[in-house]
């Protein structure tokens with residue numbers, strides 16, 4: 001793998017297509033062969049991510065705002081790691097949220 005550097009302020013937000021929901025995304029890293037991916041996901045106020053599943057482990061770090069899922073609130077500064085083959089419950093936000101999501105096929 002070669003070094004990759006992105007200044008996210010210079011990147012454009014685009015419509016989320018990686019999984020179902022109403023959000024925007026900036027792809028920071030994507031390795032189709034190994035399944036590794038890093039992206040910023042921005043949910044506007046009232047935005048949501050619809051239930052889906054992951055084959056690899058996924059890490060969430062809330063950069064701004066907060067989101068709710070399964071009766072829990074995850075606010076800015078919260079880190080969450082979900083194992084592979086997890087069925088994701090709906091994620092929603094009342095005020096908006098920006099989440100760093102890292103898909104790591106190596107992470108248990």
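Determine whether residue 106 is at pLDDT 90 or above and closer than 25 Å to residue 30 by Cβ. Taking the combined requirement at face value, the residue does not satisfy it. Annotation note: of 26, 37, 72, the sole residue that is modelled with pLDDT of 90 or more and surrounded by 13 or more Cβ atoms within 10 Å (Cβ to Cβ) is 26. The residue list 58, 41 contains one member that is in contact with a strand residue (DSSP E or B) (Cβ under 8 Å, 6 or more places away or on another chain), in contact (Cβ under 8 Å) with a residue 24 or more places away in the chain and more than 22 Å from residue 11 (Cα to Cα), which is 58.
Tell me whether the range 86-94 contains one or more residues that are on the phi > 0 side of the Ramachandran plot and either without any contact (Cβ under 8 Å) to a residue 24 or more places away in the chain or surrounded by 13 or more Cβ atoms within 10 Å (Cβ to Cβ) (or both). Looking for residues that are on the phi > 0 side of the Ramachandran plot and either without any contact (Cβ under 8 Å) to a residue 24 or more places away in the chain or surrounded by 13 or more Cβ atoms within 10 Å (Cβ to Cβ) (or both), one finds none in the range 86-94, hence no. Checked against (1) in contact with a strand residue (DSSP E or B) (Cβ under 7 Å, 6 or more places away or on another chain); (2) over 15 Å from residue 100 (Cβ atoms); (3) surrounded by 10 or more Cβ atoms within 10 Å (Cβ to Cβ), residue 6 meets all criteria but (2).
The values are calculated or read from the model by the stated rules, or taken from the named source; none is laboratory data. Please read all numbers here as calculations on a predicted model, not as lab measurements. Heads up, the Cβs are rebuilt from the backbone with ideal geometry, glycines too, and the neighbour counts pull from every protein chain shown.
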